[in-house]
1. For the chain, what's the relative contact order in percent, using C-alpha pairs closer than 8 Å and at least 6 residues apart?
2. If you average 1/r over every pair of different alpha-carbon atoms in the stretch 86-148 and take one over that average, what Kirkwood value in Å do you get?
3. Evaluate the charge dipole of the stretch 134-274 about its Cα centre and quote only its size in Debye, nearest 20, assuming +1 on the Cβ of each Lys and Arg and -1 on the Cβ of each Asp and Glu.
4. What's the ranking of 53-61, 249-257 by average number of surrounding C-beta atoms within 10 Å, highest first?
5. Using label points projected 7 Å from each Cα along Cα→Cβ, tell me how many nm separate Glu138 and Asp166, to one decimal.
6. With charges set only on the Cβ (+1 for Lys and Arg, -1 for Asp and Glu), what does the dipole of the chain come to about its Cα centre, in debye to the nearest 20?
7. Looking at the calculated P(r) for the chain, what percent of the C-alpha pair distances fall above 23 Å?
8. How big is D, in µm² s⁻¹, for the stretch 129-274 by Stokes-Einstein at 37 °C and 0.692 mPa s if Rh is the Kirkwood radius over C-alpha pairs?
Amino acid sequence: MEGDAGDPGEKRGGVRTWKLTLEYDGSRYSGWQEQKNARTIQGEIRKAAEDFFGVQVEIQGAGRTDAGVHATAQVAHLRAPTLKKLHPDAILHQLNDRLPADIAVLSVEEVSPRFHARHDAATRTYAYRISTRKRAFEKRYVWWVKEKLDVPAMARAAQMLVGRHDFRCFRAGDPSRPDESTIVEVSSALVELDKDLILFRIEASHFLWRMVRRLVGVLVKLGKGEISMEDYQKLLEARCDPRLNVAAWTAPASGLFLERVYYPDPSDRQRRRR
């Protein structure tokens, strides 16, 4: 059970809450968050859930993936007013039956009504896939970089991300969150080479809008030798330099995946409070 301690079957005014784990190919969507006149992941899930339950429901995701970004383990909560105790497997089947082929519910778990997919998440992990060769079948899921990259230098730079930093130089202006802090706590970050794939993986408390894609773009510039480690260090210290056009270096959405959302065990939290 996730979220605050409590009976998963507990109801508030006949409302039940489920934790959904999902995967999706974001290529055809304008991101996770619902928008007017745009097709989104959240909108498709809401449509499927309301068709099944026959009432309005609440859907909230752990992360707002951008247009074209994918997920292998996005988490969302679903709240629906119902007095019936539905088996999670039945909900999973009914939602998948109604969802498009590029969105899949992996698991459904009834949780405490206090569970919130975004607020209760401790960290999120994103993975970015860079291909060193042309691919016939995976073009939508990688960024093909034709130039030779210095992977060890990129790996050293990735390790420097761990800790608490001001990422203002890597942030795109988010009109929905104009006062959002640019301080982010990064738990881990690494670059690995797996044959002809370069994988960048980063785990943090939260992410600023387009932060991961801009980090990848800067790492690729470093790997090409087009910027120095001193330039990179300056950006990481929030000393934004107009000469370093980070926005123009933003990596394509195609290679980015929301890979994991971590929730602490609520029983551990209860023990720590005692």
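Read-outs: derived from the displayed coordinates by stated rules, not from any lab. Computed from a prediction, not measured in an experiment: that's the story for all the values here. As a convention, Cβ positions derive from the backbone with ideal geometry for all residues, glycine included, and neighbour counts pool all protein chains shown.
1. Working: 584 pairs, mean separation 66.6, N = 274.
Once divided by the residue count of the chain, the mean separation gives 24 percent.
2. Working: mean 1/r = 0.0637 Å⁻¹.
It works out to 15.7 Å.
3. Details: 27 positive and 20 negative charges, 61 e Å.
Approximately 300 debye in magnitude.
4. Numbers: 53-61: 15.6, 249-257: 20.8.
Answer by packing, highest mean first, reads 249-257, 53-61.
5. Between Glu138 and Asp166, the label points sit 3.9 nm apart.
6. Values: 46 positive and 38 negative charges, 63 e Å.
For this selection, approximately 300 debye.
7. 56 percent
8. Values: Rh = 16.4 Å.
The Stokes-Einstein estimate is 200 µm²/s.
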